[in-house]
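Below is one structure, written out as structure tokens, with a few remarks after it.
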Amino acid sequence: MKTLDGCITQLKKYLASKSLKFFAKTYFKHYCENSFAPFHLELFDYLTEITMQRGRQLAIAAPRGNAKSSIISLFYVLWCICFGHEKCIILFSSTRQQSERLLAHIKKEISSNEELKRDFPEVCEPPNPRWRNDEIITKNGINVVSSSFENEIRGYRYEEHRPGLIILDDVEAVESVRSQDQREKIYEWFQKVVLNLGSEQTNYIIAGTILHYDSLLAKLISEEDFPGWDKHLYKSVIRFSDRQDLWDRWEQIYRAKESYHGKGGPEAAKNFFEENKWHMLSGIKVLWPSRETYYDLMVMRAKKGTLSFESEKQNEPKDTSGLSVDMNKVVYWDDRYPTLEELQQFLGSRIVVLGTCDPSIGKSQKSDYSAIVTVFLDKSNNDIYVIDADVGRWKVNTLIERILLHHKNRRYIVFGYENNAAQEWLGEFIKKSSKLIPIEPITNLKQKEARIAKLIVYIELGKVKLSKRLGELLRELNHYPNASHDDALDALAMAIDLAESYPQYGIEKMKGIFDEIKNRGSSKKHKGIISYGGHPFDDPFGLFKV
């Protein structure tokens, strides 16, 4: 007659056999301090699915520190051992030491996890037939081998069994992906050695973080290469904040380049965040919120830098061997003029304030961001100073409100907007919302890549001067052309075109712009335009005498 404890154990084992998640939560509580994220549940499902089928290939790109190794190389391997799903398993990692470390974690759980030992004595009770640093055979006859790119392992068999499960866990290291020669060697090793170790029934799993755009994992994840593989890519930040402008200011405070209530640094930045939390977290979505909050991730990006963050946390490594812009050639106007007031004082009456908008709605692009850019044009030499780059995900009403706010603060002489195809609506919305903004539709005849290439030349020549406060724009520039979005760059490229055409506008062109404004409202309001906000518009052609 079975005891109550025996019945409970039998039920636990039955439920664990049906659910990898239940197995993990039941026997590895010491690993599961944080609640599982949705992507962890997806991993459990993928792994269970391929186990019940055969001959599957699974590629997982996930951020560092998100438990992919714990789930795949520990929980899943032990699940396969305890329930006899595989007879022969090979674990690959970047080095022999690292692969042996993965095996050591498995050995430790088998030998010292009391709950696992109690419920699975047929697996855990010593002695085990083989118990080496690089290979074990468990009591129930499961063979697990650790290896790496460094080791020669061809034609491996355990008794009559060829490997049924081959796992490559972080098989690429930062050092190895830097060299093209090394990347090619790993790729050749994978194709000639690893893929020939198994049979048609073998399941392959490769999991890691994309450390280089030309790495093995990057190729496996890409849509073009390796058809037939199940491919899944995860990012720590699934959706960035709608208020990137506030985060740009937060970063300046965090770096003590700007003060908040008279202080700068991490503590002041935290206070700024707490007082603006609702706005700063608008629209955000992160991969594992119980482990890494959005604030945690932004601190990480500020500390480690964009290059590291994009690779380690976003699986978007940058091609640093062929940057589209030499960041060493970027001229920052705030190196010479620390405040906007000092820049305005230097430029004096030479300032022409221009703005542009690259709206998201209607674009068939990889992002749904809109961007509003403000520049100062120096009439004396046509140098351009970038003042604002406001980027975010906004509904139409919010986008219009932000344009009006920027106009109120900057008093645009001309505001250009992209009116290609589905963007024509923006001009009509602005006209209905304000009788004050002098708008100019811009029809982009060149491809976006050509416009941004021209912008980069101007930046490297020092004709376009940036500000160190332009966090999002600088990130796009630093990561171009592999950035997740480039809306601020596109809007700035339009501002360059607008600035170039401004000196050739002539009297008739300027009259046309201001007459169009006049037609939106009464003559009384029209006169108010010239002294809107107590400051006269720049009137280079002497069209208005007030």
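Please verify whether Asp242 is touching a helix residue (DSSP H, G or I) at 6+ places or on another chain (Cβ under 6 Å), modelled with pLDDT under 95 and farther than 20 Å from Pro481 by Cα, treating the condition exactly as stated. Quick ask: steps written out before the conclusion?
Details: touching a helix residue (DSSP H, G or I) at 6+ places or on another chain (Cβ under 6 Å): no; modelled with pLDDT under 95: yes; farther than 20 Å from Pro481 by Cα: yes.
Considered against the rule, which asks whether it is touching a helix residue (DSSP H, G or I) at 6+ places or on another chain (Cβ under 6 Å), modelled with pLDDT under 95 and farther than 20 Å from Pro481 by Cα, Asp242 comes out as no.
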Applying the selection to the range 174-186, what residues are in a loop (DSSP other than H, G, I, E, B) and in contact with an Asp or Glu (Cβ under 7 Å, 6 or more places away or on another chain)? none
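Listed here are the residues, each with its yes/no results for (1) surrounded by 15 or more Cβ atoms within 10 Å (Cβ to Cβ); (2) of a type in the set (Gly, Ala, Ser); (3) out of contact with any Lys or Arg (no Cβ under 9 Å at 6 or more places or on another chain).
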site: Leu246; (1), (2), (3): yes, no, yes
site: Arg249; (1), (2), (3): yes, no, no
site: Lys257; (1), (2), (3): no, no, no
site: His261; (1), (2), (3): no, no, yes
site: Gly265; (1), (2), (3): no, yes, no
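Within the range 428-466, track down each residue that is assigned to a loop (DSSP other than H, G, I, E, B) and modelled with pLDDT under 75.
We begin by selecting, within the range 428-466, every residue assigned to a loop (DSSP other than H, G, I, E, B); these are 434-438, 443-447, 462-463.
Listed by number, the residues that qualify are Ser434, Lys435, Leu436, Leu445.
For (1) among the aromatic types (Phe, Trp, Tyr); (2) at pLDDT below 95; (3) farther than 30 Å from Arg157 by Cβ; (4) in the same structural domain as Ser308 (by TED's automatic domain parsing), each residue gets a yes or a no:
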position: Lys12; (1), (2), (3), (4): no, yes, yes, no
position: Leu43; (1), (2), (3), (4): no, no, no, no
position: Leu58; (1), (2), (3), (4): no, no, no, no
position: Ile71; (1), (2), (3), (4): no, no, no, no
position: Ser94; (1), (2), (3), (4): no, yes, no, no
position: Ile106; (1), (2), (3), (4): no, no, no, no
Condition met for Leu4 (of a type in the set (A, V, I, L, M), free of Cβ contacts under 8 Å to residues at least 60 places away in the same chain and surrounded by fewer than 12 Cβ atoms within 10 Å (Cβ to Cβ)): yes
Top-ranked residue of the range 372-401 - restricted to ones that are of a type in the set (D, E, K, R) and over 22 Å from Lys468 (Cα atoms), ranked as nearest to the chain's Cα centre (by Cα): Arg393
Going through (1) in a loop (DSSP other than H, G, I, E, B); (2) more than 14 Å from His232 (Cα to Cα) one by one, Pro63 fails only at (2)
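For Trp278, are the conditions met, namely being among the hydrophobic types (A, V, I, L, M, F, W, C) and surrounded by 20 or more Cβ atoms within 10 Å (Cβ to Cβ)? Please lay out each step first, then the result.
On the way: among the hydrophobic types (A, V, I, L, M, F, W, C): yes; surrounded by 20 or more Cβ atoms within 10 Å (Cβ to Cβ): no.
Against the criterion (among the hydrophobic types (A, V, I, L, M, F, W, C) and surrounded by 20 or more Cβ atoms within 10 Å (Cβ to Cβ)), Trp278 does not qualify.
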Exactly one condition in (1) part of a loop (DSSP other than H, G, I, E, B); (2) surrounded by fewer than 16 Cβ atoms within 10 Å (Cβ to Cβ) is not met by Trp425; state its number. (1)
Which numbered condition Cys32 fails, given (1) touching a helix residue (DSSP H, G or I) at 6+ places or on another chain (Cβ under 7 Å); (2) closer than 30 Å to Val174 by Cα; (3) buried (at least 21 other Cβ atoms within 10 Å of the Cβ): (3)
Checking the structure you have, find out if any residue of the range 295-309 is outside the structural domain of Ala61 (by TED's automatic domain parsing), assigned to a loop (DSSP other than H, G, I, E, B) and more than 18 Å from Gly392 (Cα to Cα). yes
Going by the structure shown, is Asn482 over 15 Å from Val386 (Cα atoms), among the polar types (S, T, N, Q), assigned to a helix (DSSP H, G or I) and at pLDDT below 90? no
Residue that is surrounded by the fewest Cβ atoms within 10 Å (Cβ to Cβ), among those in the range 116-153 that are under 38 Å from the mean Cα position of the chain (by Cα) and at pLDDT below 90: Glu152
What is the number of the single condition among (1) at positive phi; (2) touching a residue at least 12 places away in the same chain (Cβ under 8 Å) that Gly262 does not meet? (2)
Are any of the residues in the range 231-241 among the hydrophobic types (A, V, I, L, M, F, W, C), in contact (Cβ under 8 Å) with a residue 60 or more places away in the chain and loosely packed, with under 14 Cβ neighbours inside 10 Å? no
Count, please, the residues in the range 246-285 that happen to be in contact with a strand residue (DSSP E or B) (Cβ under 7 Å, 6 or more places away or on another chain), more than 18 Å from Met300 (Cβ to Cβ) and assigned to a loop (DSSP other than H, G, I, E, B). 1
Output yes when any residue across the range 73-87 is modelled with pLDDT under 95, crowded, with 16+ Cβ neighbours inside 10 Å and under 31 Å from the mean Cα position of the chain (by Cα), and no when none is. no
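The values are calculated or read from the model by the stated rules, or taken from the named source; none is laboratory data. This structure is a prediction, so every number in the text was calculated from the model and none was measured. Note: ideal-geometry Cβ built from the backbone for every residue, glycine included; neighbour counts use all protein chains shown.
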